[in-house]
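Laboratory data are not the source of any read-out in this text; all were calculated from the coordinates shown. These numbers were taken from a predicted model, which means no experiment stands behind them. Here Cβ is always computed from backbone atoms with ideal geometry, including for glycine, and neighbour counts include all displayed protein chains.
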């Protein structure tokens with residue numbers, strides 16, 4: 001076995017993607033059922049407010065601030081009774097809570113901005129963006145798991161937001177993360193990218209799909225590549241992962257060795273699917289491709305897969 005752990009860089013590729021900079025200490029073994037109330041009573045407590053895929057931000061000159069004090073959150077009618085504890089950082093406890101106000105009802109100096117725009121425009125630091133992924137995923141899970149999957153009874157939040165318990169049958173439910181394989185199929189001199197109908201004009205990206213029950217990451221890469229593009233994949237290697245709060249996924253980025261070359265794209269999934277040479281891929285990343293083709297933004301894991309391959313020697 002070629003054991004390469006100690007040859008790996010100190011900062012793995014996952015450090016450089018969006019939503020991956022969370023520095024909060026979760027202290028997961030120390031979450032009591034009253035930990036949210038304890039945190040809210042701490043004068044150093046900070047709360048991020050989320051609603052409908054948007055984060056409520058305070059604008060301070062050219063900068064945005066993603067955290068509110070407990071009193072600021074209360075003044076905005078935040079639903080602190082449904083807050084979840086993200087953990088602690090050097091400044092104190094950090095929570096996420098459902099916001100109550102619609103965007104148009106926010107006071108001057110505040111804006112409700114969607115998660116994608118926040119990360120694409122670099123409005124928050126990497127650590128706050130990482131905390132946003134954690135909070136959005138947890139609140140999204142609670143919103144869709146208010147009732148027991150065993151008996152249908154109402155469930156109640158426990159352990160600071162990391163469990164729901166059914167008051168009727170006693171079943172316990174825990175937050176989920178949906179794994180998604182995102183892959184770049186490659187040959188020594190070409191890579192495969194596709195274009196979905198909902199993409200921005202001219203953008204091509206990696207193929208992706210949910211990993212199914214009982215399926216390995218590698219098997220999902222091979223299955224999804226064949227289903228979407230008709231390309232067979234041999235060897236698969238892992239590259240990086242990315243928390244993706246839409247609503248609570250984990251993108252698992254891989255390279256796959258293409259062992260067939262004739263594309264037979266699923267036109268219900270893809271508007272187009274093409275092979276690109278390394279030179280073409282570099283032009284895409286630099287936005288100088290003659291057809292105006294672009295790639296996902298730099299904070300997306302797809303961008304890092306494409307760039308890593310384009311910068312490698314053929």
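Values computed for the structure shown
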read-out: The stretch 123-260 - share of DSSP beta bridges that are antiparallel (%, nearest 5); value: 70 percent
read-out: Taking all pairs of distinct alpha-carbon atoms in the chain, Kirkwood radius in angstrom; value: 21.4 Å
read-out: Mean separation of Cα contacts under 8 Å (6+ apart) over length of the stretch 178-311, as relative contact order %; value: 31 percent
read-out: Antiparallel DSSP beta bridges within the stretch 1-114, as percent of all bridges there, nearest 5; value: 80 percent
read-out: Residue of 161, 109, 234 that the Gaussian network model of the chain assigns the largest fluctuation, springs spanning Cα pairs under 10 Å; value: 109
read-out: Relative contact order [Cα under 8 Å, 6+ residues apart], the stretch 117-192, whole percent; value: 17 percent
read-out: Degrees, to the nearest 10: 217-229 long Cα axis against longest axis of the chain; value: 60 degrees
read-out: Listed residues 51, 222, 11, most fluctuating in the chain (Gaussian network, C-alpha, under 10 Å); value: 11
read-out: Angle in degrees between helix 301-311 and the longest Cα principal axis of the chain, rounded to the nearest 10; value: 30 degrees
read-out: Stokes-Einstein D (µm²/s) once Rh is taken as the Kirkwood radius of the stretch 36-140 over alpha-carbon pairs, at 25 °C in 0.890 mPa s; value: 181 µm²/s
read-out: The stretch 131-210-the stretch 106-128 distance, computed between alpha-carbon centres (Å); value: 21 Å
read-out: The stretch 13-144, relative contact order [Cα under 8 Å, separation at least 6], %; value: 35 percent
read-out: Rg(Cα)/(2.2 N^0.38 Å) for the stretch 96-153, N = residue count; value: 1.44
read-out: Rg/Rh ratio calculated on Cα atoms of the stretch 148-227 (Kirkwood radius); value: 1.22
read-out: GNM result for the chain, Cα springs below 10 Å: residue of 37, 167, 227 fluctuating most strongly; value: 167
read-out: Mean residue ellipticity (222 nm) of the chain, computed from DSSP H runs ≥ 4 via -39,500 (n - 2.57), nearest 500; value: -6500 deg cm²/dmol
read-out: 244, 141 arranged by Cβ crowding within 10 Å, fewest neighbours leading; value: 141, 244
read-out: Within the chain, percent of DSSP bridges classed antiparallel, to nearest 5; value: 75 percent
read-out: Proxy reagent accessibility, fewest Cβ within 10 Å first, across 250, 192; value: 250, 192
read-out: Alpha-carbon centroids, the stretch 237-303 and the stretch 47-83: separation in whole Å; value: 34 Å
read-out: Residue order, fewest to most surrounding Cβ atoms within 10 angstrom, among 145, 56, 15; value: 15, 145, 56
